[in-house]
Structure formats: structure tokens, C-alpha cells
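**Q** Structure in C-alpha cells, see below.
Each value in this text was obtained by applying a stated rule to the coordinates, not by laboratory testing. The model shown is predicted, which means the values in this text are computed figures rather than measured ones. All Cβ positions, even for glycine, are placed from backbone atoms using ideal geometry, and neighbour counts span all protein chains on display.
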């Protein structure tokens, strides 16, 4: 009976969490599997949308029903309990952005006096998509591999060369999102699911979101604490 009891405790934890989280904060009744399908269909939680996790939860629901009617018929295996516990823990105790972000102190950044050529070289050598432009500890913009083209789009009939300074093209890389928007601001306490949603929304609108800029509350006038890319999120969700 030990394994059955352990399984039921884990299952009840998941069921309670989902009912509260996805029913406007109230512990109202709704069928467990109908809730799961609704979450998956609405892409409300990437952990549940994951095929492996979804199938595991469906199996757990079937096991719960069998145990509830006749607990002498089925005993969950140690392997199943371990995997189910792992998935439920991820869902009920979501990772926060501050837990996966690249801390500001570890960022490779550039300043206004750096040359365009130098910053482009850093992008190529390090394999980065973006480099924050920081001056006096203030985030001024995000340089990307398309910043040169953005500058030429804004400054028509202009030319650009590798010796120009970042300050000379700052209009193309500042935080006004013109002509493109590569980033969104997010709170350090946001969940990884909320961050994933931002990338999904961006994909639907065919924009070019490359990273999330992390601040205390997600306001754009706060100190930059770190950055998060989609690959950082996927590494957590898929492993």
C-alpha cells in the first residue's frame, strides 16, 4: 500500500494545483482530464503540452481511477513514480526567470565608444545573437546582427563602416523598438511558463523576439539584472 499512497499524494498535489491555477484561483470542480486537455489545447503550460509529460499524466489519471476503485489490482512501479514525481514537481513548483537568466555580471556587453566592427566581431567569434549596449550601468540598447541594416533603414542614403562608433548608430539599437523589436522586459519573479508564452505570442505575430531583458518588476526603466533566451527556457522544459 505504500506505493499506492505515495502515488495518490503526488496525484492530489497535481490535481489541486491545476484546479487552482487554471480555474480563476478557486478550487472548483472540473474533470481532471478535461482540465488537462484544456490546458494542452490552449497551450497554457509548455510542460503539459510536452507529449511525453502529457502521456505520463494521462497514464497517471488512469492509474488513479483503477486504484480508487480497487487498490489491489495495480501498483505503480518505482520508475513511474520517480518520473511522475519529477513532472509534477516541475508543474507545481515552476522555475523562476531569476533561476535561469544569464546574470548581468556575466554578460558580454559593449559601450557607446566601441566600434561597430569590434561588436560585430564579438557576435561572430562568440556565436551570440545579441550584445547589450551598456553605458554607466544603464542599458541603452541591444545590438544584433541586423543592427547595421536597421541603421540603413532609418538613415536613408547613409553609409556605415566598421570604424564607426556604436554611439553613431544608437538610433538603430536603442530601446524604442524602431524599426524592429528583438526583446521584451520581464520580471525576475516571472515563471518560466510566462516567459515561454512571450515567445509563443511573438511567433504568432511573426516578430523577431530574440531575448528577454530581466528587471526587478519587468519595467523598462529598471536596472538590467540579466537576460534570457528561448534556448535557456527550452533547456529547462525539455530536460
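**Q** For n ≥ 4 DSSP H runs only, could you compute -39500 (n - 2.57) per run for the chain, divide by its residues and tell me the 222 nm figure to the nearest 500? The partial results should precede the final answer.
**A** On the way: 10 runs with 112 residues, N = 239.
Mean residue ellipticity at 222 nm (helix-derived): -14500 deg cm²/dmol.
**Q** Spin-label point model (7 Å from Cα, Cβ direction): what's the residue 217 to residue 181 distance in nm?
**A** If labels sit at residue 217 and residue 181, their model points lie 2.0 nm apart.
**Q** To the nearest 0.05, what FRET efficiency results for residue 157 and residue 115 with a Förster distance of 25 Å applied to their C-beta separation? Each step should come with its number before you reach the end.
**A** On the way: r = 22 Å, r/R0 = 0.89.
The formula returns an efficiency of 0.65 here.
**Q** Now a separate question. How would you order 160-169, 134-143 from highest to lowest mean count of nearby Cβ atoms within 10 Å? It would help to have the intermediate numbers written out before the result.
**A** Details: 160-169: 15.5, 134-143: 17.3.
Averaged packing, sorted descending, gives the order 134-143, 160-169.
**Q** In percent, what relative contact order does region 2-93 have, based on Cα pairs under 8 Å that are 6 or more apart in sequence? Can you show the working numbers first?
**A** Values: 64 pairs, mean separation 33.5, N = 92.
Worked out over region 2-93, it gives 36 percent.
**Q** Can I ask one more? Plugging the Kirkwood radius over Cα pairs into Stokes-Einstein for region 100-159, at a temperature of 10 °C and a viscosity of 1.306 mPa s, what D comes out in µm²/s?
**A** Working: Rh = 12.5 Å.
The diffusion coefficient I find is 127 µm²/s.
**Q** Which entry is the computed Rg and Dmax of the Cα atoms in Å for this structure: [x] 17.3, 50; [y] 18.0, 56; [z] 23.3, 80?
**A** Here the calculated entry is [z].
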